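The structure appears below as structure tokens.
The values are calculated or read from the model by the stated rules, or taken from the named source; none is laboratory data. Since the structure is predicted, the reported quantities are computational estimates derived from the model, not experimental observations. Note: ideal-geometry Cβ built from the backbone for every residue, glycine included; neighbour counts use all protein chains shown. Surface accessibility is based on the protein's heavy atoms, side chains included, excluding ligands, DNA and RNA. Shrake-Rupley method; radii C 1.70, N 1.55, O 1.52, S 1.80 Å.
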Amino acid sequence: MREDRDLSQKELAGQLSVAQTTYSDYELGKLNIPIDALIALAKFYNTSIDYLLELTDDPRPYKRK
């Protein structure tokens, strides 16, 4: 999704308040992404965490309370 939107790792790292190297490690699977970062990414991309984790093919976000 990041590359589809022409975003750099540095830009996404800034959204998550982490270093670019940390974000890179998330993408490479070297580090597990913390739940708060998953929530932030889901909100940023307007999708669900399930979609980010490839548990669904439906990119639409769930209704929020």
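A compact table of results
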read-out	value
Per DSSP, loop chymotrypsin sites (Phe, Trp or Tyr not before Pro) in the chain with at most 13 further Cβ within 10 Å	Tyr62
Residue-normalised accessible area of the chain, given per residue in Å² at a 1.4 Å probe	77
Estimated dipole of the chain in Debye, rounded to 20 [Cβ of Lys and Arg +1, of Asp and Glu -1, Cα centre]	380
The range 1-62, relative contact order in percent, only Cα pairs under 8 angstrom and at least six apart counted	18
